[in-house]
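Here is the structure we will look at.
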Amino acid sequence: MNIKVLGTGCAKCQQLEKNTREAIAELGLEATIDHVTDINKIMEYPILTTPGLVIDETLVCSGKVPSRQEVIGYINAHQ
């Protein structure tokens, strides 16, 4: 599983990355987590506001910081 956190590095983006790492650990999954900070690469996705969460190249959330439990739900929906 390939997961990307889209955001320029603000506190919300960092919190999303933390929540995502905790969710992966709780589920016991192996996943690659990349934090994409390059605005040109972020704009390759249909995102209007950051932070964004991409799972296997599908944007699943943007414009808010989902909780760890919400991230777990997104991950389970994409397995």
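The values are calculated or read from the model by the stated rules, or taken from the named source; none is laboratory data. As the structure is a prediction and not an experimental result, all values here were calculated from the model. In this analysis, Cβ positions are derived from the backbone assuming ideal geometry, glycine residues included, and neighbour counts consider all displayed protein chains. For accessibility, only protein heavy atoms count, side chains too; no ligands or nucleic acids. Shrake-Rupley method; radii C 1.70, N 1.55, O 1.52, S 1.80 Å.
Across segment 34-71, which residue is modelled with the lowest pLDDT among those that are open to solvent by 80 Å² or more (accessible area, probe 1.4 Å) and among the hydrophobic types (A, V, I, L, M, F, W, C)?
Checked segment 34-71; the qualifying residue modelled with the lowest pLDDT is 48.
State all residues of segment 7-48 that are over 16 Å from residue 66 (Cα atoms) and of a type in the set (S, T, N, Q); if no residue qualifies, say none.
8, 32, 37, 40
Would you check if there is a residue in segment 11-27 being in a loop (DSSP other than H, G, I, E, B), polar (S, T, N, Q) and surrounded by fewer than 19 Cβ atoms within 10 Å (Cβ to Cβ)?
Residues of segment 11-27 in a loop (DSSP other than H, G, I, E, B): none.
Checked against the condition, which is being in a loop (DSSP other than H, G, I, E, B), polar (S, T, N, Q) and surrounded by fewer than 19 Cβ atoms within 10 Å (Cβ to Cβ), segment 11-27 yields no hits at all.
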